[in-house]
Amino acid sequence: MKEKKHEENMKEKIKKAAFMLMAEKGLKDISMREIADACGVTKPVLYYYFKDKEDLCYNLIEESSIVNNDKLKKFVSTGAVLEDILAFIFSEYIIDVKRKEVLSFVVHVSSYLLSNPELEKRFVSMRKANMAIISDILEREYKAGRINKKGKDMAMHLIFANIAHLVLHSHGGDLKFWPSYPKDMAKAVLAAIDYKEK
């Protein structure tokens with residue numbers, strides 16, 4: 001029990017140090033040696049927990065993705081209407097991009113994926129799992145007759161276009177969001193897909 005707790009603590013320590021390095025320098029420009037030095041461990045200890053820096057990066061994003069998906073599922077389970085669900089999604093992304101290290105990490109990793117097709121394949125499967133939750137929400141709205149097939153497909157594109165806009169235009173940390181931004185974006189998506197509230 002004590003040993004398992006120690007391993008969990010060590011893994012967390014490594015992930016925190018790696019995240020800060022990746023946010024600062026990018027994935028391409030850091031080595032496992034630098035990560036080990038930042039954690040105060042040896043390289044063999046690092047390799048005990050993670051196969052390589054790509055595995056470590058994937059682990060960081062997967063963990064964050066699970067947390068975010070759980071938050072969204074919990075919010076949806078309250079019976080929230082689609083407008084509030086969309087506003088919640090946009091709000092969560094705003095919270096992330098306001099943290100400069102998160103934004104920097106996302107930009108660096110996105111850039112790295114362009115030159116690493118193998119790693120990109122792993123991330124695509126994770127992204128599909130994330131999209132599945134939103135797809136299920138939209139499917140429910142379609143079955144209830146509140147959106148048509150075209151609107152359902154368009155909504156998915158608009159949601160992710162808005163998220164991409166948030167990330168791209170937040171780089172540098174100077175973009176300010178007015179308080180009603182998430183709700184306004186949610187309303188814009190619903191207007192574009194001709195949402196029929198019943």
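What the table below lists for this structure:
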{"item": "The range 72-95 residues that are of a type in the set (Asp, Glu), paired with ones that are not in a loop (DSSP other than H, G, I, E, B) (beta carbon under 7 Å, 6 or more apart)", "result": "GLU83/ALA186; GLU83/LYS187; GLU83/LEU190; GLU92/ASN68; GLU92/LYS71"}
{"item": "From LYS11, LYS74, residue being closer than 25 Å to GLU120 by Cα, of a type in the set (Lys, Arg) and either open to solvent by less than 30 Å² (accessible area, probe 1.4 Å) or modelled with pLDDT of 90 or more (or both)", "result": "LYS11"}
{"item": "Test result for VAL41, part of a helix (DSSP H, G or I), over 30 Å from ILE134 (Cβ atoms) and either at pLDDT 90 or above or touching a Ser or Thr at 6+ places or on another chain (Cβ under 6 Å) (or both)", "result": "no"}
{"item": "Residue satisfying all of: in the range 168-189; surrounded by 15 or more Cβ atoms within 10 Å (Cβ to Cβ) and out of contact with any helix residue (DSSP H, G or I) (no Cβ under 6 Å at 6 or more places or on another chain); modelled with the highest pLDDT among these", "result": "LYS187"}
{"item": "Residues of the range 111-125 satisfying the condition of being within 26 Å of ILE85 (Cα to Cα) and either without any contact (Cβ under 8 Å) to a residue 40 or more places away in the chain or surrounded by fewer than 18 Cβ atoms within 10 Å (Cβ to Cβ) (or both)", "result": "VAL124, SER125"}
{"item": "Odd one out for SER65, checked against (1) more than 24 Å from SER125 (Cα to Cα); (2) in contact (Cβ under 8 Å) with a residue 60 or more places away in the chain; (3) small (Gly, Ala, Ser)", "result": "(1)"}
{"item": "Residue count, the range 83-110 (criterion: open to solvent by less than 20 Å² (accessible area, probe 1.4 Å) and over 18 Å from LYS176 (Cα atoms))", "result": "4"}
{"item": "PHE90, sole failed condition from (1) under 13 Å from the mean Cα position of the chain (by Cα); (2) aromatic (Phe, Trp, Tyr); (3) over 17 Å from SER64 (Cα atoms)", "result": "(3)"}
{"item": "The range 126-147, subset at negative phi and of a type in the set (Gly, Ala, Ser), residue surrounded by the most Cβ atoms within 10 Å (Cβ to Cβ)", "result": "SER135"}
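The values are calculated or read from the model by the stated rules, or taken from the named source; none is laboratory data. Remember, it's a predicted structure, so these values are computed and weren't measured experimentally. Every residue, glycine as well, gets a Cβ built from its backbone with ideal geometry; the counts of neighbours run over all protein chains shown. What goes into the accessible areas is simple: the full protein's heavy atoms, side chains included, and nothing from ligands, DNA or RNA. Shrake-Rupley method; radii C 1.70, N 1.55, O 1.52, S 1.80 Å.
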